[in-house]
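Below is one structure; the comments refer to it alone.
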Amino acid sequence: MIQAPLSSLLDISPKDKIAVVGAGGKTSVINLLAREMRHLPVLISPTTKILPVREQGVVLCTDMSSALSHTPAAGIHCMGALNPDTGKLEAFPAPILSALSARYGPVFMEADGSRGLPLKGWQPGEPAVPEFATRTLGIITLAGLALPATEQHVLRLPHFLSLTGLEKGAAVTLGAIAAMATSAEGMFRGATGTTQLVINQVE
């Protein structure tokens, strides 16, 4: 069976500015989509924090000056303000990111953080979806299913428990994972544009 590229399944266009939110595979999905569309001038940039993409052929700009002076071309461009203490790229000011996004397409913005954990609750102000996003793409993973609802597996545990109705230490259910995606206080809070959901690690 021939499997269609994820970018085709999601019907992503060169003009899309996509904010990626959720827990359990955001970076992997962004990198996959970027590789599938690298015949275009693709931009990867955070509205939170990300590790720089250091793959062969990826253009990496770690400050505003180099990002703004770079000429877009076909390929993957990863841009943000490098924090030398953490090694991560942090968000440019919103007007700068908006200006950059107008020059590239598609644009993939990691707009949420989960510290590598498969489950999350969202506090006020999260996710960090910019107003100019044309889509908000949510990522959830089934790897969190049946895990105990503890700080070991869940970021912002009190918010997660409030969101899902679970007790601390209880096994995470499908209903709890669904609540992450469907609750008004969940991963799509503040979403802009079209909303789409990718369920990761189903196997």
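Pull out all pairs, ordered by first then second residue, where Cβ-Cβ is under 8 Å, the residues are six or more apart or on different chains, the first lies in region 170-187 and is in contact (Cβ under 8 Å) with a residue 12 or more places away in the chain and in a helix (DSSP H, G or I), and the second is open to solvent by 50 Å² or more (accessible area, probe 1.4 Å) and of a type outside the set (A, V, I, L, M, F, W, C).
ALA176/GLY165; ALA179/GLY165
What is the one condition in (1) outside any loop (DSSP other than H, G, I, E, B); (2) open to solvent by 30 Å² or more (accessible area, probe 1.4 Å); (3) farther than 25 Å from PRO95 by Cα that GLN3 does not satisfy?
(1)
What residue, of LEU137, LEU157, is hydrophobic (A, V, I, L, M, F, W, C), in contact with a strand residue (DSSP E or B) (Cβ under 8 Å, 6 or more places away or on another chain), under 24 Å from PRO46 (Cα atoms) and open to solvent by less than 40 Å² (accessible area, probe 1.4 Å)? Walk me through it before giving the result.
Numbers: LEU157 fails: in contact with a strand residue (DSSP E or B) (Cβ under 8 Å, 6 or more places away or on another chain).
Selected residue: LEU137, the only one of LEU137, LEU157 that is hydrophobic (A, V, I, L, M, F, W, C), in contact with a strand residue (DSSP E or B) (Cβ under 8 Å, 6 or more places away or on another chain), under 24 Å from PRO46 (Cα atoms) and open to solvent by less than 40 Å² (accessible area, probe 1.4 Å).
Please determine, by comparing only the residues of region 97-110 that are aliphatic (A, V, I, L, M) and farther than 15 Å from CYS78 by Cβ, which one is most open to solvent (accessible area, probe 1.4 Å). Steps first, answer last, please.
Step one: list which residues in region 97-110 are aliphatic (A, V, I, L, M), which gives 97, 99-100, 102, 107, 109.
In the following step, the residues that additionally are farther than 15 Å from CYS78 by Cβ were identified as 99, 102.
Values: ALA99: 50, ALA102: 84 Å².
Here the residue is ALA102.
Output the residue which, of all residues in region 140-154 that are open to solvent by 10 Å² or more (accessible area, probe 1.4 Å) and of a type outside the set (A, V, I, L, M, F, W, C), is nearest to the chain's Cα centre (by Cα).
My answer is HIS153.
Scanning region 160-203 for residues that are farther than 20 Å from LEU10 by Cβ and hydroxyl-bearing (Ser, Thr, Tyr), which turns out surrounded by the most Cβ atoms within 10 Å (Cβ to Cβ)?
In this case the residue turns out to be THR164.
Could you check how many residues of region 56-86 are open to solvent by less than 30 Å² (accessible area, probe 1.4 Å) and outside any strand (DSSP E or B)?
Going residue by residue through region 56-86, those that are open to solvent by less than 30 Å² (accessible area, probe 1.4 Å) are 58, 61, 67, 75-80.
Subset that is outside any strand (DSSP E or B): 58, 67, 80.
Summing the residues that are open to solvent by less than 30 Å² (accessible area, probe 1.4 Å) and outside any strand (DSSP E or B) in region 56-86 gives 3.
So, of the residues in region 30-55 that are part of a helix (DSSP H, G or I) and either under 19 Å from SER98 (Cβ atoms) or in contact (Cβ under 8 Å) with a residue 40 or more places away in the chain (or both), which turns out to be most open to solvent (accessible area, probe 1.4 Å)? Show your work before the answer.
Going through region 30-55, the residues part of a helix (DSSP H, G or I) turn out to be 30-36.
Retained after the next criterion (residues that are either under 19 Å from SER98 (Cβ atoms) or in contact (Cβ under 8 Å) with a residue 40 or more places away in the chain (or both)): 30, 33-35.
Values: ILE30: 4, LEU33: 1, ALA34: 0, ARG35: 100 Å².
Only one residue tops the list, namely ARG35.
Identify all residues within region 110-145 that are of a type in the set (A, V, I, L, M), out of contact with any Gly (no Cβ under 6 Å at 6 or more places or on another chain) and under 13 Å from THR195 (Cβ atoms); write none if there are none.
Residues satisfying the conditions are ALA111, LEU137.
The values are calculated or read from the model by the stated rules, or taken from the named source; none is laboratory data. The structure presented is a predicted model; accordingly, all values stated were derived computationally and were not measured. So basically every Cβ, Gly included, is an ideal-geometry build from the backbone, and we count neighbours across all protein chains shown. Calculation scope for accessible area: heavy atoms of the full protein, side chains included, ligands and nucleic acids excluded. Shrake-Rupley method; radii C 1.70, N 1.55, O 1.52, S 1.80 Å.
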